[in-house]
1. Based on this model, can you work out whether Thr107 counts as β-branched (Val, Ile, Thr), under 30 Å from Val176 (Cβ atoms) and assigned by TED's automatic domain parsing to the domain that holds Lys8?
2. Quick one: in the stretch 192-231, of everything that is at pLDDT below 90 and among the polar types (S, T, N, Q), which residue is nearest to the chain's Cα centre (by Cα)?
3. Of the residues in the stretch 103-123, how many are small (Gly, Ala, Ser) and either out of contact with any Ser or Thr (no Cβ under 7 Å at 6 or more places or on another chain) or surrounded by fewer than 16 Cβ atoms within 10 Å (Cβ to Cβ) (or both)?
4. Output the qualifying pairs, or none if there are none: Cβ atoms under 6 angstrom, residues six or more apart or on different chains, first residue in the stretch 254-265 and within 16 Å of ligand 1 (Cβ to nearest atom), second residue not in a strand (DSSP E or B).
5. Any idea which of (1) surrounded by 21 or more Cβ atoms within 10 Å (Cβ to Cβ); (2) among the β-branched types (Val, Ile, Thr); (3) within 16 Å of ligand 1 (Cβ to nearest atom) is the one Val126 doesn't satisfy?
6. Taking the stretch 249-305, which residues are of a type in the set (Phe, Trp, Tyr) and within 17 Å of Phe75 (Cβ to Cβ)?
7. What do you reckon, is Thr133 crowded, with 16+ Cβ neighbours inside 10 Å, more than 22 Å from Cys284 (Cα to Cα) and β-branched (Val, Ile, Thr)?
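The values are calculated or read from the model by the stated rules, or taken from the named source; none is laboratory data. On a predicted model such as this, the values are computed, not experimentally measured, just so you know. No Cβ is skipped: glycine too gets one built from the backbone with ideal geometry, and neighbour counts run over all protein chains shown.
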Amino acid sequence: MNGNEREKSFVNWFITEKCNFSCEYCSIVNPRGFRKALHRFKRVVKSPSPRKFDIYEELDDILARFEESGMRFTFGFTGGEPFVYPRFREICARIIQHDDFMIALDTNLAIGDMDRFIETVPPEKVEYIFASTHILERERVGGGLDSFLDRVRLLEESGYSVDVNYVMYPPLFDRVNDDYQRCLDRGVRLSIKPFKGVFEGKKYPGSYTGAERDIIRSLRHDSAGEEIGPRSWFGMYCGAGRNLIRVLSNGDVVRCAGDFNLLGNIFTGFRLYESPRPCIAGVCPCYSPEQLVDGRQPAEKFLAIELFNSRLRGRINRLREWWHQQ
Ligand code: SF4
Ligand code: SF4
C-alpha cells in the first residue's frame, strides 16, 4: 500500500489559549459563565498548575507516537493564536519533514514572519490556512485590513490554499458589505462564518433574524443551502476519536471539540479508537464532521448509558484542561 492510500486522520491541535487579539466574542480569551468563574476561583486559591511540557523539546517523541498508528496525519493548529506559541514556525518545519505528516493553520495572520514561514514550510505540506479577519481587533491592534490582505496575497501567490473568513458577529451587519467589497477589490473573497456564541443574551447562530440570514446567504458563495443554525449528529456513529482527534493545550488527546473523553496525552501516550462510536454531543462544533458520520445508530438503551458515562468523563476532562491553563 503506498502512502497516499493509508488511512488519514486530522489532529485538531488547540496549541495555546493565548492570543495577540482580544475579540469580544472570543470564549477563550474572554471566557464567560462557568469558565470565567473557575478562572477567578483559580486566581484566588493561587493553585500551581501541573507540570508543563514544551512541544519543541518533546516533538520527536510526540511525532513517534503518531507514527506508531501507521496512519497519515494533518496537524491542524488552532487556539488562541498558534503563532504566539514559542518556536511555532520551527515546530511546523520539523513536523513536515515527515513524509506522512502535513500541517494546517487557523490563524489571525497578524503576527509571525511570513517570509521565513514560506521559506521553511512549503505550500505542498500545508493542507490549508484559515485566516480570520476579526475586523475590530484587526483595526485596533492588528495593523489594519490592508496589511492583512498583503499577507493573504503573499501566501496565495506563493501557492498556499488560504480561506479568509469573517465571523458574522451581530454588530458587524452594518459594515459587512463594505468589508466584503474592500477584500474583493484586492482579489480576496471572504467566507462568511456564522457567529457561535451569545450576544445581548441571545444564543447564535440560532438567533439570527430572517433578514440577517439573507445577508449571510447572499455573501456565502461557498455554501449554497448549507445550514446556518447549529448542527447535530447525536447518537450516530462517528469516526471522531480516530479519523479526527483534538489535542488540548495541556497535551490531552480527546475525541473532538464536542466530546472531551480522554484518549491519552501526546507527552505520555494515547490510544485512538479502533472504530466509529456514537456521537454524544447535543451540538457538533467540529469542522466537516459530515465525512465522519455514517448515519447508523446504536440501541437506545446502550445510547443512554453511553451518553451518561461519556458526558461525565468529558466534564472531568474539561476541568483538568482548565486547571492546567494559566
Ligand atoms: S483571534 Fe481568535 S483566539 Fe484570538 S481573541 Fe480573536 S477569536 Fe479569540
Ligand atoms: S458528530 Fe461532531 S461532536 Fe459528534 S463525535 Fe462526530 S465530530 Fe464529535
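1. Values: β-branched (Val, Ile, Thr): yes; under 30 Å from Val176 (Cβ atoms): yes; assigned by TED's automatic domain parsing to the domain that holds Lys8: yes.
It is true that Thr107 is β-branched (Val, Ile, Thr), under 30 Å from Val176 (Cβ atoms) and assigned by TED's automatic domain parsing to the domain that holds Lys8.
2. Here the answer is Ser223.
3. Within the stretch 103-123, the first condition is being small (Gly, Ala, Ser), and the residues that meet it are 104, 110, 112.
Narrowing the set further to residues that are either out of contact with any Ser or Thr (no Cβ under 7 Å at 6 or more places or on another chain) or surrounded by fewer than 16 Cβ atoms within 10 Å (Cβ to Cβ) (or both) leaves 110, 112.
Number satisfying all stated conditions: 2.
4. Final answer for the pair search is Ala257/Pro285; Ala257/Cys286.
5. Exception for Val126: condition (3).
6. Applying the first criterion (of a type in the set (Phe, Trp, Tyr)) to the stretch 249-305 yields 260, 267, 270, 273, 287, 302.
Passing the criteria: Phe267, Phe270, Tyr287.
7. On the way: crowded, with 16+ Cβ neighbours inside 10 Å: yes; more than 22 Å from Cys284 (Cα to Cα): yes; β-branched (Val, Ile, Thr): yes.
In short, yes.
To keep it simple, each residue is scored yes or no on (1) more than 13 Å from Ile15 (Cα to Cα); (2) outside any loop (DSSP other than H, G, I, E, B); (3) free of Cβ contacts under 8 Å to residues at least 60 places away in the same chain.
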| site | (1), (2), (3) |
| --- | --- |
| Tyr56 | no, yes, yes |
| Ser69 | yes, no, no |
| Thr74 | yes, yes, no |
| Phe77 | no, yes, no |
| Ala93 | yes, yes, yes |
| Asp106 | no, yes, yes |
| Phe117 | yes, yes, yes |
